[in-house]
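The values are calculated or read from the model by the stated rules, or taken from the named source; none is laboratory data. Nothing here was measured: the structure is a model prediction, and the numbers come from that model. Cβ sites come from the backbone with ideal geometry, for glycine too, and all protein chains shown count toward neighbours.
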Amino acid sequence: MRVPTSSSSSGQTAPPVGGPPAPRRSRVIWLQNRPDHYFVQMLDDLNAQDLFEYFGVFLCAPPDGSALLEIPQRSPHVFLGIATDGEGHRLRPDALDLLRKLDFQAAIVGGYDSRLKVQVIKWCRRAGRPVALVADSNLRSERGTRPRDLLRRFLKRVFLRHVIRRVDRIIPFNRFGVAYWRYYGSPAEKIVRSTYFCDRREIAAAVASERAEVLARYNFNTNQKIIFTAARLASEKALDLMVHAFGRSGLAEQGWIWAIAGDGPLRDQLQAAAGPRNNQSIRFLGVVKPRDVPALARHSDLFVLPSRYEPHGIVVAEAMAVGTPVIASDVCGAAGDLVARGKTGWIFRNGNEESLLRVLQRATSDPIHLAGRRGDCRLAFENWYQRYSPLRVMPAVMAELLAADQIPRA
């Protein structure tokens with residue numbers, strides 16, 4: 001990925017030699033915090049359809065040393081922010097000027113978590129340009145009943161009322177996201193479901209990969225029974241819950257290994273909690289290459305995502321896509337769409353160690369039954385993704401909005 005100081009493309013199509021200039025496609029800017037490899041590939045695939053020009057606008061540049069710097073990003077893009085050492089970012093002094101010069105006909109805004117995003121939504125409203133809000137919000141994370149939780153929801157409802165009024169479409173990623181926006185007052189006709197991009201090429205490569213070769217890269221034996229997790233080692237992923245449940249399950253004594261791909265602030269704490277199982281039956285693999293996540297899921301017997309907070313969980317979809325049954329908490333958005341108990345996986349009660357332990361023991365009690373669920377998992381993913389793929393939904397939404405002489409305003 002190149003990190004330019006301005007857009008990597010002028011957005012103009014070069015005229016063919018000896019002929020009139022080719023008409024320019026309508027430009028759609030897509031505003032995101034920071035690109036990841038899913039988003040980079042999605043923009044390229046959308047632009048390959050040759051319907052609209054999707055222009056990536058990012059608030060943060062990848063930090064030095066990021067794996068994203070190794071990804072060739074072909075789609076036009078600009079970074080409005082300057083990379084920082086931490087999670088935050090600061091905008092360039094000329095950020096708003098750069099945005100205004102992009103000459104776009106429609107906008108897709110990823111979330112409402114920054115002042116600039118809300119400003120773009122307001123500006124599009126005033127300028128009569130259609131704008132869609134893409135959000136992976138999840139109603140299952142809004143369950144608190146303490147006074148401060150109730151106050152927070154009330155204040156959010158007041159704020160979101162203005163956001164909802166100003167956008168033309170709201171695009172959540174799963175049914176919990178649809179429930180979230182209905183709860184906060186969005187009319188049903190404004191909501192169009194999509195989901196996170198899954199790279200079918202990576203999925204196909206993972207399915208076709210050789211088990212011995214993939215496992216050897218991470219020092220596993222081909223005859224080992226593997227539970228796999230890919231997650232940031234942070235409190236919201238609830239890996240501490242899985243450490244305790246795995247330790248109590250007796251699975252280590254039965255030859256099972258739990259492998260975790262990812263890094264984060266709780267790595268030392270989780271390794272200490274694993275005790276003598278650390279680097280034995282519980283293995284922390286660190287950050288792995290993006291293409292190795294579906295490959296490791298493919299050659300594992302079970303995928304577990306025990307998150308306390310998980311608006312979507314793209315790794316759940318990836319595991320299902322390669323045919324691996326899933327255990328996930330009941331707040332995980334993708335699992336709410338994809339996991340059918342006993343058929344494609346199991347759901348446990350969020351934050352409840354006993355519930356996780358029960359489904360973990362049930363899932364691993366019959367490895368033959370578990371292996372027999374692979375076809376069901378892949379079919380469930382295919383049926384779901386064909387319907388909600390952003391490569392299908394986003395062009396349809398943009399075509400509808402841009403074709404209207406008058407954009408309907410609620």
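Among residues of the stretch 137-157 that are surrounded by 12 or more Cβ atoms within 10 Å (Cβ to Cβ), those with a Cβ under 9 angstrom from a residue that is among the β-branched types (Val, Ile, Thr) and not in a loop (DSSP other than H, G, I, E, B), sequence gap 6+ or separate chain, pair up as 139/178. Exactly one residue out of 313, 342, 351 is on the phi > 0 side of the Ramachandran plot and touching a strand residue (DSSP E or B) at 6+ places or on another chain (Cβ under 7 Å): that is 313.
For the stretch 128-145, residues that are assigned to a loop (DSSP other than H, G, I, E, B) and closer than 20 Å to residue 330 by Cβ total 7. Just one of the listed residues (320, 394) is within 18 Å of residue 174 (Cβ to Cβ), assigned by TED's automatic domain parsing to the domain that holds residue 130 and not β-branched (Val, Ile, Thr), and it is 394.
Of a type outside the set (Ser, Thr, Tyr), surrounded by fewer than 24 Cβ atoms within 10 Å (Cβ to Cβ) and at pLDDT 95 or above: is that true of residue 284 in this structure? Answer is yes for this residue.
Taken residue by residue, the stretch 272-280 has no member that is touching a residue at least 40 places away in the same chain (Cβ under 8 Å), polar (S, T, N, Q) and not assigned by TED's automatic domain parsing to the domain that holds residue 164.
Pairs linking a residue in the stretch 362-375 that is touching a residue at least 60 places away in the same chain (Cβ under 8 Å) to a residue that is of a type in the set (D, E, K, R), with Cβ atoms under 8 Å and 6 or more positions apart or on different chains, are 364/225; 364/301; 367/225; 367/301; 370/301; 371/301.
Just one of the listed residues (253, 236) is assigned to a helix (DSSP H, G or I) and over 27 Å from residue 311 (Cα atoms), and it is 253. Can you spot a residue in the stretch 188-211 that is in a loop (DSSP other than H, G, I, E, B), crowded, with 17+ Cβ neighbours inside 10 Å and touching an Asp or Glu at 6+ places or on another chain (Cβ under 6 Å)? Looking through the stretch 188-211, none of the residues is in a loop (DSSP other than H, G, I, E, B), crowded, with 17+ Cβ neighbours inside 10 Å and touching an Asp or Glu at 6+ places or on another chain (Cβ under 6 Å). Take the residues in the stretch 40-81 that are of a type in the set (Val, Ile, Thr) and out of contact with any strand residue (DSSP E or B) (no Cβ under 7 Å at 6 or more places or on another chain), then tell me which one is modelled with the highest pLDDT. If we take residues in the stretch 40-81 being of a type in the set (Val, Ile, Thr) and out of contact with any strand residue (DSSP E or B) (no Cβ under 7 Å at 6 or more places or on another chain), then 40 is modelled with the highest pLDDT.
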